[in-house]
Amino acid sequence: MGEAGLYNRGMSAPAVADEILTKFEPVIGLEVHVQLGTNTKIFCSCPVEFGAPPNTNVCPVCLGLPGALPVLSRQAVELAIGAALALHCQINPFSRFARKNYFYPDLPKGYQISQYDQPLAEHGFLDIVTDNSHKRVGVTRVHMEDDAGKSVHDGFRDSDHYTYVDLNRSGTPLIEIVSEPEMRSSDEAYAYLTELKQTMQYIGISDCDMEKGQLRCDANVSVRLRGAEKFGTKVEVKNLNSFRFLKMALEHEIERQVELIESGGRVQQETRLYNVDSGKTTAMRSKEQAHDYRYFPEPDLIPLRVSEHWLHEVKAKLPELPSDRRERFVETYGLREYDAQVLTLTRETGDYFEAAVAVSGDGRSTANWVTGDLMGLLKAAGKEIAESPIKPAHLGELVALINKGELSGKLAKEILPKMFQTGDSPSVIMDREGLRQISDAAALEKIVADVLAANPKQVEQYKAGKIAVAGFLVGQVMKASRGQANPAAVNEVLKKALAG
C-alpha cells in the first residue's frame, strides 16, 4: 500500500484509513509551549513587546553577556502556578531551575534556563470532548523556562542567503506543558490543544496567539498493534504552528509509520518537521536524549519555594474554569451542551450571557439569541462580543419583553439590528418607531373585523368546517398590524369573532 493511496496530499486534513486503525493504535503525547502574559521577561526587566524593532528590547541578561545575573520574575511564577492549577496539577513547594545546553545561533548564552528533574508542577489532567465522548488526558508536568531569540531568514540576494538574529524574544517567559501519551487519534490531539488554549486564555495566562509565537506545539507519536501493551518507537514532530497542521501532520505520520512497519522496516527515533506544501513529515535530526543537553542546576538562581500562603493567594485570584462553567450552564440554565460550549468559548461571551440572563430570567431563550442572531450580527460586522453595541442588559430586556407578551418574535428580529446600529434599548426603539405589540382587545377587534370583511370566502369556508383556514386569517391580521399584534390575543379575538 503506497503513501499516495493512503492520504490526500491536499491542504485538508485527511482521516486515517479505517483498516489501519482496525489493526494499529496511535499513541500521541503533546508538548505545548505557552508564552506567559507578563509585562517583562522572565529574568530581566526588558519589556515583552511583539513587533518592536529588532534587538531593541534587550539587556546584558537576555543577551547572555558574561557576568550578567538573572532575577526571576514573580509575575511569571504566579502565572505559571495559575496555569498549573487550571490543569489540576500538584504544585511542588520546592522546584529548581537547570541549564539545558545546546547551540542555536539565536541562543546567545549557549544554554536555556529551564527546569528538569524538579519542575514547578506535576500530575495534572485535562478533560476533552470529541464526538460527544468525554476523555481525561493526563498532564505529566508543567515547568518554566526562557525562550530563545528568533532567526529571520531573508531571500536570496545575488545568490546569497541571509539569516539575521533578532534577540527581542530572548528571555520571554514560557511554560512547557507535557501531556501523558494518552491520546489515540489526531482528533483527540486537536481537542486537547483546543481545550488547553481555551483554558489558558480564559484564566488570563496568555493570549495564545499562534501567529505571534505565543502558543507552539510539538507532538510525540508512535503506533502499536491493537491490544499491545508496549509502546512503539516514538517520533517527535516539531514546530506545529496551527491546529490544522497539527492534525494533518499526525495523520501523515501515523500512516508513514504503519506503512514502514507493514513493509518490514523499523521506525527510527528522531525529530521530524512537517512540510505544509508536500503534506509530509521529513527527518530533521536524530532524537536527543536528556544527557545530550548536559543538564545541571542553574548556579545563578536559588531554588523556587512556593509557600501554602502564596499558593492560596494565586488560587483565590483564578476565575471559574471554562469546563466548570460549561457544566454549570447546563445544570443552572438548562442549556444544551453544545450551547454551553459556544457560550464558554471565551470568558467575555460567558460574562455577556450571564449579564443578559440576569435581566431576562430565561437562560434558554437568551442563549438562543446570543448564539444565533447576536453572533451573526457580530460576525458580519467583524466585531468580538466585548465590542458589541448591544449591551447585555438590553438583550436581556428584549427576551423579557417577548416572554411578557409585549413583543413578538418577528418584531424582535426587526428590532435587534436597530439595537446593534444605535446601541439603544428595545423599549426606546419600540417607542420611537411605534413598534409596541398590540394586545388591547378593542384595537385587535377592529383589525379582525376589517380582515373578516375583506375575506368573506375564507370566513364561509371556516364556518363550513374547514378549520385550517383560521391560520390564513391569523396571518392576514398579523400582516394588517405590521406584525405588532399579539399572536395569542389575535387567536382569542378571531375565535370569538368567527363564532359570533
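Things to note:
- Matching strands (runs of 3 or more DSSP E) fully within region 146-227 where at least 1 residues are of a type outside the set (Asp, Glu) and at pLDDT below 90: 150-157, 160-166
- Single match in Lys212, Lys234, Lys230 (criterion: within 26 Å of the chain's Cα centre (by Cα) and among the charged types (D, E, K, R)): Lys212
To keep it simple, each residue is scored yes or no on (1) in contact with a Cys (Cβ under 9 Å, 6 or more places away or on another chain); (2) crowded, with 17+ Cβ neighbours inside 10 Å; (3) aliphatic (A, V, I, L, M); (4) over 28 Å from Gln269 (Cβ atoms).
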site	(1), (2), (3), (4)
Val129	no, no, yes, yes
Asp160	no, no, no, yes
Thr163	no, no, no, yes
Gly204	no, no, no, yes
Asp207	no, no, no, yes
Cys217	no, yes, no, no
Val221	no, yes, yes, no
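- When Leu260 is tested against (1) free of Cβ contacts under 8 Å to residues at least 60 places away in the same chain; (2) over 29 Å from Gly171 (Cα atoms); (3) in contact with a helix residue (DSSP H, G or I) (Cβ under 6 Å, 6 or more places away or on another chain), exactly one condition is not met: (3).
- All of (1) in a helix (DSSP H, G or I); (2) crowded, with 20+ Cβ neighbours inside 10 Å hold for Asn368 with one exception: (2).
- Looking across region 482-500, the residues that are under 45 Å from the mean Cα position of the chain (by Cα) and not in a helix (DSSP H, G or I) come down to Arg482, Gly483, Gln484, Ala485, Asn486.
- Meets criteria (in a helix (DSSP H, G or I), assigned by TED's automatic domain parsing to the domain that holds Asn132 and acidic (Asp, Glu)) for Asp300: no
- Pick from region 176-215, criterion out of contact with any Lys or Arg (no Cβ under 7 Å at 6 or more places or on another chain) and hydroxyl-bearing (Ser, Thr, Tyr), ranking: farthest from Arg141 (Cα to Cα): Ser185
- Checked against (1) over 20 Å from Ile385 (Cα atoms); (2) modelled with pLDDT under 95, Tyr333 meets all criteria but (2).
- Summed over region 1-50, residues that are at pLDDT 90 or above and either farther than 20 Å from Gly232 by Cβ or not assigned by TED's automatic domain parsing to the domain that holds Leu107 (or both) total 19.
- Close pairs from region 170-183: first touching a residue at least 24 places away in the same chain (Cβ under 8 Å) and at positive phi, partner outside any loop (DSSP other than H, G, I, E, B) and acidic (Asp, Glu), Cβ under 7 Å, at least 6 apart: Gly171/Asp146
- Residue match in region 237-256 (condition: assigned to a strand (DSSP E or B) and farther than 30 Å from Gly37 by Cβ): no
- Scanning region 331-344 for residues that are crowded, with 16+ Cβ neighbours inside 10 Å and under 20 Å from Ile128 (Cα atoms) returns Leu335, Asp339, Ala340, Gln341, Val342, Leu343, Thr344.
- Residues that are of a type in the set (D, E, K, R) and farther than 21 Å from Lys383 by Cβ within region 397-436 comprise Lys404, Glu406, Lys410, Asp431, Arg432, Glu433, Arg436, listed in sequence order.
- Strands (runs of 3 or more DSSP E) contained entirely in region 83-134, each with at least 2 residues that are farther than 30 Å from Asn55 by Cβ: 121-130
- For region 79-111, a tally of residues being touching a residue at least 40 places away in the same chain (Cβ under 8 Å) and either among the hydroxyl-bearing types (Ser, Thr, Tyr) or more than 17 Å from Ile302 (Cα to Cα) (or both) returns 22.
- Of the listed requirements (1) hydrophobic (A, V, I, L, M, F, W, C); (2) surrounded by fewer than 19 Cβ atoms within 10 Å (Cβ to Cβ); (3) modelled with pLDDT of 80 or more, Ala470 misses just one: (3).
The values are calculated or read from the model by the stated rules, or taken from the named source; none is laboratory data. Just so it is clear, the structure is predicted and the values come from calculations on it, not from any experiment. Ideal geometry is used to build each Cβ from the backbone, glycine not excepted, and the neighbour counts take in all protein chains shown.
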